[in-house]
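Below is one structure; the comments refer to it alone.
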Amino acid sequence: MNIYKHEFKMNLKSALTWSFWVVVLIFVFLSIFSSMDGGMDAFNSILKNYPPELRAAFGMDGIDMSSLLGFFSFAIMFCEIIVSIQAANYGFSLVSVEERDLTADFLLAKPVGRTKILTAKFLAAISSLAITNAVVWIASFVFLNVYKAGQSYDRRTLILLLLTITFLQLFFLSVGALVSLCVKKIRSVTPYSMGIVFGLYILNAFGGTMEDDMFSYLTPFKHFEANQIIKNGSFNTNLVMISVVVIILSFVGSYVLYQRRDIHSV
């Protein structure tokens with residue numbers, strides 16, 4: 001329990017910082033939508049002049065940007081990138097921070113098993129991500145109602161859009177932890193977290209331009225594409241299950257590798 005409290009306190013400041021910028025992002029996008037009331041049809045016309053490949057790359061193909069949720073999906077795309085980087089940071093630093101600072105021997109000398117240590121670390125990271133998640137939900141509902149410009153929206157579709165945040169957080173947290181345990185030593189988590197998030201996002205954009213089904217299986221951003229959720233009013237169950245399986249296997253794999261890992265000490 002002390003490990004959980006320590007880890008949570010370490011993450012709290014960053015969680016609040018990430019949450020602040022997400023609120024700013026949602027506020028800016030929805031205030032723009034409100035100020036452009038009546039001019040969004042012209043915005044749709046401008047988008048239609050762009051190449052279909054470019055629209056597909058940014059997840060705007062077939063989306064009505066004059067609708068409240070259609071425009072909000074553009075904001076969600078950036079929120080997904082932000083929370084994914086945050087989750088990947090937590091995942092990569094879960095174990096590597098002690099190894100980098102050579103304090104792991106102090107932690108492992110305590111009368112606590114490695115399974116309990118890793119569980120406490122995961123719970124602290126998930127709790128920190130839950131703060132950002134809750135802020136995203138609250139900010140979305142508040143600003144959507146404040147800046148909806150007289151439009152209505154389907155709450156069920158909005159909830160599905162917001163649930164993509166949760167799935168992506170768990171995906172990058174678990175995958176980040178697994179990858180960090182496969183690497184001998186991580187000096188800085190930023191290159192790893194930025195690399196994996198933007199790499200998978202670019203893969204999603206590239207797949208959108210190529211219209212190749214193979215890419216839809218390789219990146220979670222394709223599994224939770226906002227425009228598909230708005231069009232169908234539901235998740236693509238088959239694609240979502242791929243992410244769920246990856247999350248489960250990554251968590252299990254992290255425990256297995258942590259039990260066998262040779263921890264460097266002073």
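A few comments on the model shown:
- Phi angles of segment 228-235 translate, via the Karplus equation with coefficients 6.51, -1.76, 1.60 and θ = phi - 60°, into HN-Hα couplings of 5, 5, 5, 5, 9, x, 6, 6 Hz per residue; Gly and Pro are given as x.
- Net length available on complete extension from residue 31 to residue 206 is 60.0 nm, with 0.36 nm assigned per residue and the Cα-Cα distance removed.
- Residue 24/residue 152 FRET efficiency (R0 30 Å; Cβ-Cβ; nearest 0.05): 0.75
Since every read-out is calculated from the coordinates, none of them should be taken as a lab result. Treat the numbers as computed from the prediction; the structure is a model and nothing was measured. Note that we place each Cβ from the backbone using ideal geometry, even for glycine, and neighbour counts take in every protein chain shown.
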